Number of protein chains: 2
Amino acid sequence: MGEGGLRIVVVDDHTVMRAGVIALLAAEDSIEIVGEAGDGRAALELVERYDPDVALVDLRMPVLDGVATTAEIVARYPRTRVLILTTYDTDTEIERGVEAGAIGYLLKDTTREQLVDAIHAAARGETVLAPRVAEKLVARMRRPVQDPLTERETDVLNAVADGLTNAEIGRRLVIAEATVKTHLLRLFAKLDVNDRTRAVVVAMERGILERP
Amino acid sequence: MGEGGLRIVVVDDHTVMRAGVIALLAAEDSIEIVGEAGDGRAALELVERYDPDVALVDLRMPVLDGVATTAEIVARYPRTRVLILTTYDTDTEIERGVEAGAIGYLLKDTTREQLVDAIHAAARGETVLAPRVAEKLVARMRRPVQDPLTERETDVLNAVADGLTNAEIGRRLVIAEATVKTHLLRLFAKLDVNDRTRAVVVAMERGILERP
DNA sequence: CGTGCCGTCCACCGATCGGTGGACGGGAAG
DNA sequence: CTTCCCGTCCACCGATCGGTGGACGGCACG
């Protein structure tokens, strides 16, 4: 196996998706699929066993999600390049994937040719981004840096999203109501809003809070 | 073509997904794929031309989304059964799909066997739901009926999500602040919450407000 | 060893919100 | 035609929130 061809593994929890990738790459002599997995843990075993050139991984997966899987692969098997292939093109997903160390980020509407090219580029160590993804990344760079919330501010914000009053939040976090208000005012400033409701909405848009 | 076998069309905007479905069904003699489309409009033309037994359609698509496409097919080509095959399993998506007249709702982690069985069942006119989907539908039925918000209440709620104060909402909708409060109190009751922030979060969960 | 940031706390005030109770016209449904 | 619901409006009150200004210990980084 592997005389000249690229060796890759496919990681996606959707049966149909894995079949799709495999079908698209079947005709491609230069690429050999050496394994497939339906979750992150299984993916790590595959990478351990086969030492592939490229791992194609989805973001949303059970057991171990794509971001964690990517981080693990990058840390433990640096020879294997991780190429994310997913449906999600929100700022947060992209940011997390790239931060975790993926060398590329593709969307599932990629054509066969683009997919093949991307895998080759990734194997050579080149960064490959879907146009829509590149656009978002640039837009994000251009925006003034948004300073992240502290852990405590996030706690307070979560409680706010649960509909608690400041006094109730104080009881939940075992701090004084005055402290709750301090955290709130600081996170309002960071999110550039001036009331709790907008804060929750903006935080969801930015992926700071779980999106319902 | 079509001597005994089921004739189906595949509608999905993701190249990889279409390839996956086709690959999974290729080995199946009883099913013949007579066409594929990447958006709703193209799908309608396919159905018009080939009069398939089953249309496998994704929900999120450009040009004409899955719900609209489903509704069109059901209304104009009642012989063709629509089977939704998608990644999304939120209450709202499911509800919309089923309301639009789909005979089944599958998730993309379906195995080959399940997919084949579902297509046959759909062609016979039987309803087929992925277990996770069925579960959600039942849970929804069991829940006390959630009475829908009136148009005005939705307007107010949208403004609240934008972070406006009651007075500002009044100006935007050209009504008195007192009226705004009336609408708010009524929608609080409907959503079973007691503050504006929670109302926004719950409304997003239920798909009443756009999810960020 | 200071400087800065984080998390904590406090007091105080005006603005806003949640909640009650009532009222009225209009349209749809019975 | 009457009843119900929607949308509109009003007054009033206590609770909550937004906002200011300050304070202090702890820890990290230079």
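Every read-out reported here was derived from the displayed coordinates using simple, explicitly stated rules and does not represent laboratory data. Worth saying up front: this structure is predicted, and the values here are computed from it rather than measured. For neighbour counting, all protein chains shown are included, and Cβ atoms are generated from backbone atoms with ideal geometry for every residue, glycine included.
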Shielding by partners - mean other protein chain Cβ count within 10 Å, residues of B:194-202: 6
Packing rank of A:197-204, A:124-131, where each peptide gets the mean count of other beta carbons within 10 Å, highest leading: A:197-204, A:124-131
Neighbour-count order for B:VAL21, B:VAL67, fewest beta carbons within 10 angstrom listed first: B:VAL67, B:VAL21
Within-10-Å neighbourhood charge of A:ARG124 [Cβ basis; K, R +1; D, E -1]: -1
Percent RCO, i.e. relative contact order, over chain B, from Cα pairs under 8 Å lying at least 6 residues apart: 13
For the protein assembly as shown, average projected area of the Cα convex hull in nm²: 23.9
Zone residues, the range B:91-132, relative to B:SER30, backbone N less than 17 Å from point 7 Å out along Cα-to-Cβ: B:111-129
Protection-proxy order for peptides A:43-51, B:99-107, each taking the mean of Cβ atoms within 10 Å per residue, highest first: B:99-107, A:43-51
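Hey, with R₀ at 30 Å, roughly what FRET efficiency would B:ASN194 and B:ARG132 work out to, going by the Cβ-Cβ distance, to 0.05?
Working: r = 32 Å, r/R0 = 1.06.
The value I calculate is 0.40.
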Gained length - B:GLU205 relative to B:ALA178, 0.36 nm times residue gap less alpha-carbon distance: 7.0 nm
Label geometry 7 Å along the beta-carbon vector: B:ILE22 inter-copy distances in nm: 1.7
The range B:164-212: radius of gyration over Cα atoms, expressed as a fraction of 2.2 N^0.38 Å: 1.16
Taking the range B:1-121 and dividing mean pair separation by its residue count, relative contact order in percent (alpha carbons under 8 Å, at least six apart): 23
Which of B:LEU209, A:LEU157 has the fewest Cβ neighbours within 10 Å, and the rest in rising order: B:LEU209, A:LEU157
Copies compared at A:GLU45 - label distances in nm, ascending, label defined 7 Å from Cα in the Cβ direction: 4.7
Inter-label distance, nm, simple model (7 Å from Cα along the C-beta direction), A:THR92/B:THR150: 3.4
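If you wrap a convex hull around the alpha carbons of the range A:1-117, what volume per residue comes out, as a whole number of Å³?
On the way: hull volume 10.6 nm³, N = 117.
Roughly 90 Å³ of hull volume per residue.
Once you keep just the Cα pairs under 8 angstrom separated by 6 or more residues, what percentage relative contact order results for the range A:94-194?
With pairs under 8 Å counted, the relative contact order is 21 percent.
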Computed over chain A, the ratio Rg/Rh where both radii use C-alpha atoms and Rh is Kirkwood: 1.09
Crossing angle, helix B:196-205 versus chain B [Cα axis fit, 0-90 degrees, rounded to tens]: 10
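Using a ≥ b ≥ c from the Cα gyration tensor of the range A:33-96 (square roots of the eigenvalues), is it rounded, prolate or oblate, where a/c under 1.5 gives rounded and otherwise the larger of a/b and b/c decides, a/b for prolate?
It is prolate, given that a/c is not under 1.5 and a/b is the larger ratio.
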Label point 7 Å beyond Cα along the C-beta direction, distances from B:PRO78 to other copies (nm, shortest first): 6.7
